[in-house]
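In what follows, a single structure is set out as structure tokens and then discussed.
The values are calculated or read from the model by the stated rules, or taken from the named source; none is laboratory data. These figures come from a predicted structure and were not determined experimentally. Reconstructed Cβ throughout: ideal geometry from the backbone, glycine too, with neighbour counts over all protein chains shown. SASA here: full protein model, heavy atoms, side chains in, ligands and nucleic acids out. Shrake-Rupley method; radii C 1.70, N 1.55, O 1.52, S 1.80 Å.
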Amino acid sequence: MNTDLIFDNTEVAFSLKSDSELERAYFLFKMISIEPLVRIGTAATNFAIKAHLPIEGLIRFTVFDHFCGGVNEDDCLSVVDNMYEKGVSSVLDYSVEGKESEDEFDSAKDKILKIIDFAKEIDAIPIAVFKPTGFGRLSLYEKVSKKEALTEKETKEWQSVINRFDEVCKKSKENDVAILIDSEESWIQDAIDDLVTQMMKKYNTEKPIVYNTFQMYRHDRLAFLLKEHKKAKEGNYFLGYKLVRGAYLEKENDRAKEKGYPSPCCASKALTDENFNKGLNYMIDNLDSMSLFAGTHNEDSSYLLMQMMSDKGLLNNDPRVWFGQLYGMSDHISFNLADKGYNVAKYIPFGPVKDVMPYLIRRAEENTSVAGQTGRELALLKKEKKRRKTL
Ligand SMILES: Cc1cc2nc3c(=O)[nH]c(=O)nc-3n(C[C@H](O)[C@H](O)[C@H](O)COP(=O)(O)OP(=O)(O)OC[C@H]3O[C@@H](n4cnc5c(N)ncnc54)[C@H](O)[C@@H]3O)c2cc1C
């Protein structure tokens with residue numbers, strides 16, 4: 001297969017960006033490449049929001065508009081349509097975080113049900129997603145993960161979490177829409193894994209509908225994948241997995257250190273990369289019983305996955321393999337993959353500005369010069385600006 005550096009094509013990558021949008025993206029990445037600025041900006045923004053200072057407008061027209069599709073799902077539709085014209089699908093991601101009440105969890109669940117209905121009608125939205133902590137309290141997941149006894153009230157609360165998962169997965173099956181379940185902190189993941197496995201058993205009987213997420217920075221995930229595969233073969237159901245590297249590395253390592261247990265994460269970036277790529281390999285070798293959504297901005301892993309597909313003689317658009325990136329990042333991967341006919345979807349986060357702040361802060365931190373993504377985004381934007389000027 002000829003994959004030769006297709007991601008270098010900035011004309012395809014930024015075909016949806018006007019000159020002024022290109023300038024704005026360049027300015028934004030330049031700003032968040034300055035690590036102290038992100039640190040100070042994050043603290044100042046958190047303070048300003050808590051103090052009800054009028055900074056929403058500023059956030060809206062800078063980071064928010066770059067990384068989010070809008071405040072509600074309807075706002076996102078123009079982005080969804082535009083991207084689909086270039087072959088890139090969308091996953092509408094209700095990115096409100098940090099909620100604690102039953103009413104808020106029910107309303108998040110209703111939002112996801114609405115998106116699954118959207119997805120049934122709109123070809124550009126083939127997949128839905130939700131975050132477990134959108135459906136229940138983090139401390140409750142933690143207690144269930146530790147297998148601690150629940151009070152009567154907590155038992156009821158946990159049953160409501162199960163019901164929310166079930167309602168959403170059932171609707172996904174009825175509408176034939178794949179549902180991705182995000183993963184978060186390792187100390188709540190056991191409860192989620194058990195629950196998602198139950199959902200897979202129930203709803204993945206004909207094909208993968210329900211997808212769990214494996215954070216491959218966890219050194220135990222490859223062995224877990226093999227174990228889950230064995231169970232699925234015995235139980236006669238399909239598996240769906242989103243593979244990611246994992247977004248909470250610092251938090252995981254800090255907590256492990258503070259509480260004095262070994263970190264669940266790989267000891268180096270190279271080990272995480274190796275684990276992630278081995279996960280891809282295993283899944284590509286076993287597509288008869290599982291489907292893969294590779295959520296990554298890593299060029300090497302993306303090229304490797306293309307190569308693996310080619311080596312197996314798979315079509316670029318094999319329905320069992322999806323590539324995924326986040327809106328506002330790595331357009332050079334998404335749009336160039338779509339241009340070559342691969343299945344690609346971008347998560348489009350949406351929600352009220354103040355509620356998506358934790359998401360935006362994670363993106364800003366991930367894009368500082370320290371994390372190393374920004375250099376690449378900046379270089380590509382610069383290359384495209386130059387190309388357009390010389391036309
Ligand atoms: C579509 C999509 C969905 C996602 N869903 C989730 C999700 O459900 N849950 C979640 O946690 N994240 C999720 N993420 C984020 C993801 O986990 C990564 O944080 C992000 O994509 C960066 O990793 P990368 O593969 O793009 O590549 P890279 O930029 O090459 O890798 C960066 C990652 O490598 C790992 N890493 C970095 N340094 C070290 C080190 N010293 N030791 C060990 N590991 C290291 C970390 O995981 C870090 O995030 C998602 C990302 C995408 C694109």
Principal axis box of the chain, alpha-carbon based, largest edge first, Å:
66, 57, 45
Radius ratio Rg over Rh of the range 293-391, counting only Cα atoms, Kirkwood formula for Rh:
1.02
Once every DSSP H run of n ≥ 4 in the chain is given -39500 (n - 2.57) and the sum is divided by its residues, what mean residue ellipticity at 222 nm do you get, rounded to the nearest 500 deg cm²/dmol?
-16500 deg cm²/dmol
Suppose a student asked you for the relative contact order of the chain, using Cα pairs under 8 Å spaced at least 6 residues apart; what percent would you report?
26 percent
Which value, in debye to the nearest 20, gives the size of the charge dipole of the range 276-353 about its Cα centre, when Lys and Arg are +1 and Asp and Glu are -1 at the Cβ?
140 debye
Three-way shape label, the range 140-293, alpha-carbon gyration tensor, a/c 1.5:
oblate
Report the one residue of I116, S15, G351 whose Cα lies farthest in the direction of the positive end of the charge dipole of the chain (charges on C-beta: Lys and Arg +1, Asp and Glu -1; origin at the Cα centre).
S15
Using 7 Å Cα-to-Cβ label points, what is the F47/R362 separation (nm, one decimal)?
2.6 nm
Cα centre as origin, Lys/Arg/Asp/Glu Cβ charges: the range 209-368 dipole, Debye:
440 debye
Order of 330-342, 193-205, 16-28 by packing, highest average Cβ count within 10 Å first?
330-342, 193-205, 16-28
With every protein chain in place, the chain: carbon and sulfur % of accessible area (1.4 Å):
53 percent
What does the accessible area per residue of the chain come to in Å², with a 1.4 Å probe and no ligands, DNA or RNA counted?
45 Å²
Given 254-260, 305-311, the highest-first ranking by average Cβ count within 10 Å works out to 305-311, 254-260
Cross-link pairs K233/K312; K201/K231; K227/K346; K99/K120; K17/K382 - those with Cα-Cα distance over 18 Å:
K233/K312; K227/K346; K99/K120
For the range 279-362, averaging the sequence separation of alpha carbon pairs under 8 Å that lie six or more residues apart and dividing by its residue count, the contact order in percent is 25 percent
Applying the gyration tensor rule to the Cα atoms of the range 79-125 (axes a ≥ b ≥ c; rounded if a/c under 1.5, else prolate if a/b exceeds b/c, else oblate), the class is oblate
